[in-house]
Amino acid sequence: PNYGKNYLECGDAYTSVGNQHVSPHVHPAFRDFFIWQHGRALEIIKNYYQLTQEVDYVVGNSWANLHKQGGRTKEHCHGMSAISTVAYIKLPKNSGNTEFKDPNFNLRSLHERSDFDQGLLEWCEIPAVEGDVLFFPGWMQHRSQPNLVSEDRWILSTNYVNFNLIPPFRLGNII
């Protein structure tokens, strides 16, 4: 057993992503949250991303990450997820945020910068507070900053898909 470790978790960090038999989205304690999040995710998918409305989008998988002091998650993306989320369940001050990689960084870095645009950054930190939920395209590269404090940071992640995932993941839905 890996006891909540995988290749993306660094330092004192743990994840339940490998345990899809007891996913947060099917646990009664998270029912109201997932009903709210599902509605918002569908609104973004259909109205802002303008993806096809001919298919159903459902929760493909969900999991929790725990980052103790020094723990973080490495750069990754969620592949074919139409939309992914990060919900900050416990986010102590200075425990780190999520960073997103500029998908146009390589192209933008080839050109001379104007005085107006000197802020060429490969990574963009998204400041958050406990209770915030970030919605983003599953293809977008992201990572978490290290937790710099002794208090634990807890996040809840979700992927919305429109197809069946291969094992060990199970196609699920809200309660």
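The values are calculated or read from the model by the stated rules, or taken from the named source; none is laboratory data. Since the structure is predicted, the reported quantities are computational estimates derived from the model, not experimental observations. Cβ placement follows ideal geometry from the backbone for every residue including glycine, while neighbour counts extend to all protein chains displayed. Heads up: the accessible areas ignore ligands, DNA and RNA and are worked out on the full protein's heavy atoms, side chains in. Shrake-Rupley method; radii C 1.70, N 1.55, O 1.52, S 1.80 Å.
Among all residues of the stretch 55-66, there is at least one that is over 25 Å from Cys124 (Cα atoms), in contact with a Ser or Thr (Cβ under 9 Å, 6 or more places away or on another chain) and of a type outside the set (Val, Ile, Thr). Pairs under 9 Å by beta carbon, first residue over 17 Å from Ala13 (Cα atoms) in the stretch 75-103, partner open to solvent by less than 10 Å² (accessible area, probe 1.4 Å) and part of a loop (DSSP other than H, G, I, E, B), six or more apart or different chains? That search, which allows pairs on different chains as well, returns Cys77/Gly138; His78/Gly138; Gly79/Gly138; Met80/Gly138; Ser81/Gly138; Ala82/Gly138; Ile83/Gly138; Ser84/Gly138.
Pairs meeting the criteria (first residue in the stretch 120-132 and in contact (Cβ under 8 Å) with a residue 40 or more places away in the chain, second residue open to solvent by 70 Å² or more (accessible area, probe 1.4 Å), beta carbons under 8 Å, at least 6 apart or on different chains) are Glu130/Ile89; Glu130/Lys90. For the stretch 129-156, the set of residues classified as farther than 21 Å from Cys10 by Cα, more than 12 Å from the chain's Cα centre (by Cα) and aliphatic (A, V, I, L, M) consists of Val129 only.
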